[in-house]
1. Name the residues in segment 10-25 that are closer than 17 Å to residue 110 by Cα and not in a strand (DSSP E or B), would you?
2. In segment 176-189, what residues are surrounded by fewer than 18 Cβ atoms within 10 Å (Cβ to Cβ) and either part of a helix (DSSP H, G or I) or at positive phi (or both)?
3. What number of residues within segment 79-112 are in a loop (DSSP other than H, G, I, E, B) and loosely packed, with under 12 Cβ neighbours inside 10 Å?
4. Being within 12 Å of the ligand (Cβ to nearest atom) and out of contact with any strand residue (DSSP E or B) (no Cβ under 9 Å at 6 or more places or on another chain) is the requirement here; does residue 221 meet it?
5. Contact list please: Cβ distance under 7 Å, first residue in segment 120-132 and under 14 Å from residue 95 (Cα atoms) and modelled with pLDDT of 95 or more, second residue near the ligand (Cβ under 9 Å from one of its atoms) and assigned to a loop (DSSP other than H, G, I, E, B), pairs at least six apart or on different chains.
6. Just for segment 190-207: of the residues that are out of contact with any strand residue (DSSP E or B) (no Cβ under 6 Å at 6 or more places or on another chain) and assigned to a helix (DSSP H, G or I), which one is nearest to residue 170 (Cα to Cα)?
7. Which one of 135, 216, 160, 173 is surrounded by fewer than 16 Cβ atoms within 10 Å (Cβ to Cβ) and more than 22 Å from residue 97 (Cα to Cα)?
8. Kindly list the number of the only condition in (1) surrounded by 12 or more Cβ atoms within 10 Å (Cβ to Cβ); (2) in a loop (DSSP other than H, G, I, E, B); (3) at pLDDT below 95 that fails for residue 115.
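The values are calculated or read from the model by the stated rules, or taken from the named source; none is laboratory data. Just so we're clear, the structure is a prediction, and the values are computed from it rather than from any experiment. Using ideal geometry, Cβ is built from the backbone for each residue, glycine included, and neighbour counts are taken over all protein chains shown.
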Ligand code: C5P
């Protein structure tokens, strides 16, 4: 069931970490290699989808055949996604987006001194925004990197951002997740489903996630 769901579909992904400049040489960012997002892009491509990745900073190269648009600041990533989202059948938000940015960006390098207090303001939530704009035929997949109250936070995020699927990472562990080649996740869906994926290479895991997503869509839609 669901075997050919991705074939001919347009899959849009955000991958990697956004960077919020503080001055010409410094920025605020998050930990993210881009491995999991690129693995999902590759898996979607293998399943016959057309794939576009909007990528922040990544420490691994993108998979061959995947169209990549760079967007380092959250605002730039939002604009790229906004433009492509209406045509997307599936949107997977795997990027580690900076939640805050400096309220003002210094034009010159900030000089070293005793103490520096930064004023930060929230960045736009790209996934939440697409959750508001989405059509019911579009499939939205989000990620949650949590260190506590994992299950409650995941369920809450699924509802709050109006998603179909949410992939939960336990980032309090060092052996899986950030930068690692392997990951261990739980997939939640809006129909009450919960699927656990034992520790696995990210590329194998990506394929299993898409398989499960396709099967669930075939079962519930
Ligand atoms: O709320 P939280 O940051 O935990 O949500 C994580 C999910 O939302 C991820 O899928 C991430 O890519 C997405 N996100 C986003 N824009 C933000 C913050 C998070 O698209 N500003």
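1. Within segment 10-25, 24, 25 qualify.
2. 179
3. Here is the first cut: in segment 79-112, the residues in a loop (DSSP other than H, G, I, E, B) are 88-89, 94-95, 97-99, 103-112.
Subset that is loosely packed, with under 12 Cβ neighbours inside 10 Å: 103-104, 107-109, 111-112.
Residues that pass the stated criteria total 7.
4. Working: within 12 Å of the ligand (Cβ to nearest atom): no; out of contact with any strand residue (DSSP E or B) (no Cβ under 9 Å at 6 or more places or on another chain): yes.
So residue 221 fails the test.
5. 123/97; 123/98; 123/99; 126/97; 127/161; 128/161
6. Across segment 190-207, the extreme among qualifying residues is 206.
7. On the way: 216 fails: surrounded by fewer than 16 Cβ atoms within 10 Å (Cβ to Cβ); 160 fails: more than 22 Å from residue 97 (Cα to Cα); 173 fails: more than 22 Å from residue 97 (Cα to Cα).
Within the list 135, 216, 160, 173, the selection yields 135.
8. Checking residue 115 against (1) surrounded by 12 or more Cβ atoms within 10 Å (Cβ to Cβ); (2) in a loop (DSSP other than H, G, I, E, B); (3) at pLDDT below 95, the one that fails is (1).
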